[in-house]
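**Student:** Sharing a structure here in structure tokens format.
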Amino acid sequence: MAEAARPVRVVIADDHRLMREGTAALLGADPRIEVVGMAANGREALALAGSRAPDVVLLDLEMPLVGGIEACATIRSGHPQVEVLILTVSENEPDLWAALRMGAAGYLLKDMPPAELVEAVLNAGLREPLIAPRLAGRMLRDFAGATRAAENPLTGLSPREREVLALLADGLRNREIAQALVVSETTVKTHVRHILEKLRMRNRSEAAVFAARHLGGD
């Protein structure tokens, strides 16, 4: 007779006791999952990731001592065999992208159906990633937008920012741009800063050279 697959070993890290213990009760009720530790903060989560040999660590984002993103990065660096699932209330896309960059296998929301959380943990044990469905669509749209922006950097600029960039190419100073567009000089400075950030340029001179090369045929 074939040997039965061992349960997925899970550590749960959440600074809210009710959430932590409730999640442990939910997961522990499934014979395919074994809860091997619970942590009330990120530092405890790191210790348990090393001492309890989990397959999966379920991390909240907002925890004392060590936050979820930092804990995720540390676990993935020191214990690459351990999968990390973020379980959070945050639907902020920067949090999602940060977690994925740090190696999280999934990003889940705390209002998800209990049965789906169980399946997510089992899937993580099989190294199958999962993103909360209502965030997955946003992520794909962001990726598509980033791809278009990489193909044409001007795509990421607003119409007003393009106007400012064109005037930069003409050699106008902030005060002169403000007069031309009938806005304050402070507003122009803000637009210039956003342009430099979006185009990943160090100064307005680089932006002006870029504009001279690209705006003419845009």
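**Student:** Against the conditions (1) farther than 18 Å from Leu122 by Cα; (2) under 25 Å from the mean Cα position of the chain (by Cα); (3) at pLDDT 90 or above; (4) loosely packed, with under 15 Cβ neighbours inside 10 Å, where does Glu91 fall short? Just the number, please.
**Tutor:** (3)
**Student:** If Leu96 satisfies every condition in (1) surrounded by fewer than 19 Cβ atoms within 10 Å (Cβ to Cβ); (2) under 13 Å from the mean Cα position of the chain (by Cα) but one, which is the exception?
**Tutor:** Condition (1) is where Leu96 drops out.
**Student:** Does at least one position in the range 62-83 carry a residue that is among the acidic types (Asp, Glu) and at pLDDT below 85?
**Tutor:** Within the range 62-83, not a single residue is among the acidic types (Asp, Glu) and at pLDDT below 85.
**Student:** Considering (1) within 19 Å of Asn123 (Cα to Cα); (2) touching a Gly at 6+ places or on another chain (Cβ under 7 Å); (3) at pLDDT below 95, say which one Ala53 fails and leave the rest.
**Tutor:** So the condition that Ala53 fails would be (2).
**Student:** Hey, does the range 80-87 have a residue that's buried (at least 21 other Cβ atoms within 10 Å of the Cβ), polar (S, T, N, Q) and closer than 19 Å to Ala120 by Cβ?
**Tutor:** So far as the range 80-87 goes, no, none of its residues is buried (at least 21 other Cβ atoms within 10 Å of the Cβ), polar (S, T, N, Q) and closer than 19 Å to Ala120 by Cβ.
**Student:** Tally the residues that are in a helix (DSSP H, G or I) and touching a Phe, Trp or Tyr at 6+ places or on another chain (Cβ under 9 Å), restricting the search to the range 192-209. Walk me through how you get there before you give the answer.
**Tutor:** Just the residues of the range 192-209 that are in a helix (DSSP H, G or I), to begin with: 192-199, 204-209.
Pick out the ones that are also touching a Phe, Trp or Tyr at 6+ places or on another chain (Cβ under 9 Å) and you get 199.
Number satisfying all stated conditions: 1.
**Student:** When the range 9-68 is examined, which residues are found to be of a type in the set (Asp, Glu) and either buried (at least 20 other Cβ atoms within 10 Å of the Cβ) or in a loop (DSSP other than H, G, I, E, B) (or both)?
**Tutor:** Asp14, Asp15, Asp30, Glu44, Asp55, Asp60, Glu62
**Student:** Can you list the helices (runs of 4 or more DSSP H) found entirely within the range 133-191 that contain at least 2 residues being within 30 Å of Lys110 (Cα to Cα) and either assigned by TED's automatic domain parsing to the domain that holds Glu93 or at pLDDT 90 or above (or both)?
**Tutor:** In the range 133-191, 133-151 are the helices (runs of 4 or more DSSP H) which contain 2 or more residues that are within 30 Å of Lys110 (Cα to Cα) and either assigned by TED's automatic domain parsing to the domain that holds Glu93 or at pLDDT 90 or above (or both).
**Student:** Let me ask something else about it. Does any residue in the range 52-72 that is at positive phi come within less than 9 Å, Cβ to Cβ, of a residue that is in a helix (DSSP H, G or I) and among the charged types (D, E, K, R) six or more places away or on a different chain, and which pairs are these?
**Tutor:** Qualifying pairs under 9 Å: Leu65/Arg43; Leu65/Glu44.
The values are calculated or read from the model by the stated rules, or taken from the named source; none is laboratory data. Not measured: the values here are computed from a predicted model. Backbone-built Cβ (ideal geometry, glycine too); neighbour counts: all protein chains shown.
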